Amino acid sequence: MSESKEHRQVARSLAKKEQTDYNSGKGPDILNSRRIIEVETINTVLGGLQQLQGYHKPVYIAGTNKAAVDKALEITKNTTVGVMNRKGNIIKPSTRKRK
């Protein structure tokens, strides 16, 4: 499945804010020493949750719009996965700890 223009714009913006590069290939969209971020649209949020499994640092799903953020909040309830909006504001903090 190809990425949407909205996904690409949000991912690039967040990568710049996180002072790292956007990874458009396999693996997390944004990865730095502090956190891992998967940017997701409303249609891809569930896949984002699966992509974040196995990482040992704070992990986040960043929704591309309010609907995606709302869905991410719903599916990450009772998980260690955090949620942020398209600007990188944390809506639900990740409780996953570094190992």
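Laboratory data are not the source of any read-out in this text; all were calculated from the coordinates shown. Computed from a predicted structure; not experimentally measured. Ideal geometry is used to build each Cβ from the backbone, glycine not excepted, and the neighbour counts take in all protein chains shown.
Figures for the structure shown
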quantity	calculated
Value at 222 nm in deg cm²/dmol, rounded to 500, when DSSP H runs of n ≥ 4 in the chain each add -39,500 (n - 2.57)	-9000 deg cm²/dmol
Distance between the stretch 11-27 and the stretch 43-99 - C-alpha centres, whole angstrom	15 Å
Derived scalar couplings ³J(HN,Hα) [the stretch 61-72; Karplus, 6.51 cos²θ - 1.76 cosθ + 1.60; whole Hz; x for Gly, Pro]	9, 9, x, 6, 7, 4, 4, 5, 5, 4, 5, 4
Largest-first ellipsoid semi-axes for the stretch 1-50, taking √(5λ) over the Cα gyration tensor eigenvalues, angstrom	17, 12, 9
Out-of-range pairs (alpha-carbon distance over 21 Å; input Lys26/Lys77; Lys5/Lys92; Lys17/Lys92; Lys57/Lys92)	Lys26/Lys77; Lys5/Lys92
Exposure proxy ranking, count of Cβ atoms within 10 Å, fewest first, for Thr44, Thr79, Thr95	Thr95, Thr79, Thr44
Length released on extending from Gln53 to Arg34, taking residue separation times 0.36 nm less the Cα-Cα span	5.2 nm
Two-site label geometry, Asp21 and Ile75: point separation in nm, points 7 Å out along Cα→Cβ	2.8 nm
Most positive-pole-ward Cα, Gln19, Gly54, Asn78, against dipole of the stretch 5-88 from beta carbon charges	Gln19
Placed amide H near Ile36: partners under 5 Å, 5+ positions off or other chain	Val59, Tyr60
Modelled label reach - Ile42, point 7 Å along Cα→Cβ, the stretch 62-90 residues with backbone N closer than 15 Å	63-75
Alpha-carbon spread of the stretch 51-99, three principal axes, descending order, Å	32, 20, 17
Kirkwood hydrodynamic radius (C-alpha pairs) into Stokes-Einstein, the chain, 20 °C and 1.002 mPa s, D in µm²/s	166 µm²/s
